[in-house]
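Step one of this worksheet: look at the structure below.
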Amino acid sequence: MPERPSAPDVLPRAVRQAPPASAVETWQSWTGVAGFALALVLLRIRELALVDAFVLIGVLTALPIIVLEARKSRGSARLVHPFDAAHAERVMAKLAGLGLTFALIALAYWAIPYYRDGPATILRELLGRPYVAVSLAVLAPVYLSLTDRTMAEPEDTLYRVGRRLFGIAEPVDAPALRQFVLGWIVKAFFLPLMILFTIDYVRWWYRVDLAGVWTGYFSVYEFLYEMVFFVEVTFAAVGYVLTLRLLGTHIRSSEPTTLGWLVAVLCYPPFWTGVFATMILAYDADGRSWGDFFGGVPVLAHLWAAVLLALVAVYASATVQFGIRFSNLTHRGILTNGPYRWSKHPAYITKNISWWMLSVPFLSQEGPAEAFRLSLLLAGVNVIYYLRAKTEERHLARDPVYRDYMAFMARHALLAVVRRRLLAPLRAPGRGAG
């Protein structure tokens, strides 16, 4: 006879009153925002070169979160393997595997014109800084050594790849190798983009006139709008850098499906800016924005701006909530608090709504036909993000924690609560047919 489940498991998951524990505490993530703010103050006192400014911002943003993550993971990161010859051999093999990985990424950056002449130039400049190069050279073997000694199974894919370089035929598990390759492709694709985006905002920070920001409502709106995205891309960049097993922020799994990858990378350069934004889904082709239509109506314009700021603030807070774990196309821990307490996809929902409010394609001055055409194109962008959401859910649902979270959200998400309350009168006794 099957064993009877314990009492907590008998309860339907959908009626549980609290979500599963989140991988990141909200207050922990926001300590990084305090570090970010400190970095911006220091850069107003003394300007640094753009790359050095990025390092300063990244370090001060990440440092308090790293300390808190280290305290949290201290109990689980125990040294279980001795510092012996076998350990030294594994570390050497892993260093060789890491070197091969970096060499292949560098080759791809050199061969692909978009990277060679664009984002990769920032990485070359960053790695050209002696303090960065020396830090990596010193910390890489130390990190690999400590990680190896804490792993239950230290002979991982990186180790087996490195052994191959030494001419030792080592069996490699195909699914594990695929996940290894996908994880590094994620980092290689997104990291230089996020660094480039952050450096663009550093340029903006150097140029912005802080005294002039407060001269009018719209100047305040524009400043806060840019600042929100500055925070967002900084946390994204930090997340791609700090994929560390010692802190528990490593990649558990990467998106396994072609569709999931396709709809994600389409939303970023070079695919979006090079093709889709200008040739296929150019929903803002008329060049007009909400200010062109509502600028002459102050009350409506102020309200519109306030709603837009609220939307992008939720979007950015969804990235901040990850702390140092943000990454597209990967599972690095399940979030169930902050904006994720009310929606499984707060960033996608608020971002897509904001695009409708920013470009107002339904108000095109070219007439109803053009308004319909532009609205149809923006709806196409929304479909892409809908597919991103669904493929992410399917990927994360391999984790039982996420399945519990989905069950909880089916009843307690904001939209679920609103839908239930709106439909409650229709379900009241006596309102049925007949």
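The values are calculated or read from the model by the stated rules, or taken from the named source; none is laboratory data. In this text, all values refer to a predicted model and were calculated from it rather than measured experimentally. Quick reminder, even Gly has a Cβ in these numbers, built from the backbone with ideal geometry, and neighbours come from all protein chains shown. Quick note on the areas: whole protein, heavy atoms, side chains included, nothing else; ligands and nucleic acids left out. Shrake-Rupley method; radii C 1.70, N 1.55, O 1.52, S 1.80 Å.
General observations
- The set of residues in region 271-293 that are open to solvent by 40 Å² or more (accessible area, probe 1.4 Å) and either under 18 Å from the mean Cα position of the chain (by Cα) or at pLDDT 90 or above (or both) comprises 271, 272, 280.
- Subset of region 167-202 (residues that are of a type in the set (Val, Ile, Thr) and open to solvent by 30 Å² or more (accessible area, probe 1.4 Å)): 168, 172, 181, 185
- Residues of region 381-421 satisfying the condition of being open to solvent by less than 30 Å² (accessible area, probe 1.4 Å) and aromatic (Phe, Trp, Tyr): 385, 402, 405, 408
- Residues of region 68-101 satisfying the condition of being modelled with pLDDT of 95 or more and within 28 Å of residue 196 (Cα to Cα): 95, 97, 98, 99, 100, 101
- From the options 374, 329, 335, residue that is under 26 Å from residue 279 (Cα atoms), hydrophobic (A, V, I, L, M, F, W, C), buried (at least 21 other Cβ atoms within 10 Å of the Cβ) and within 17 Å of the chain's Cα centre (by Cα): 329
- Here 226, 232, 222 are screened, and the one residue that is charged (D, E, K, R), in contact with a helix residue (DSSP H, G or I) (Cβ under 9 Å, 6 or more places away or on another chain) and crowded, with 16+ Cβ neighbours inside 10 Å is 232.
- Picking from residues in region 102-128 that are open to solvent by 50 Å² or more (accessible area, probe 1.4 Å) and part of a loop (DSSP other than H, G, I, E, B), the one that is modelled with the lowest pLDDT is 117.
- Which numbered condition residue 205 fails, given (1) crowded, with 21+ Cβ neighbours inside 10 Å; (2) in contact (Cβ under 8 Å) with a residue 60 or more places away in the chain; (3) more than 22 Å from residue 157 (Cα to Cα): (1)
- Residue selected from region 217-256 under the condition over 17 Å from residue 24 (Cα atoms) and polar (S, T, N, Q), by the criterion nearest to the chain's Cα centre (by Cα): 234
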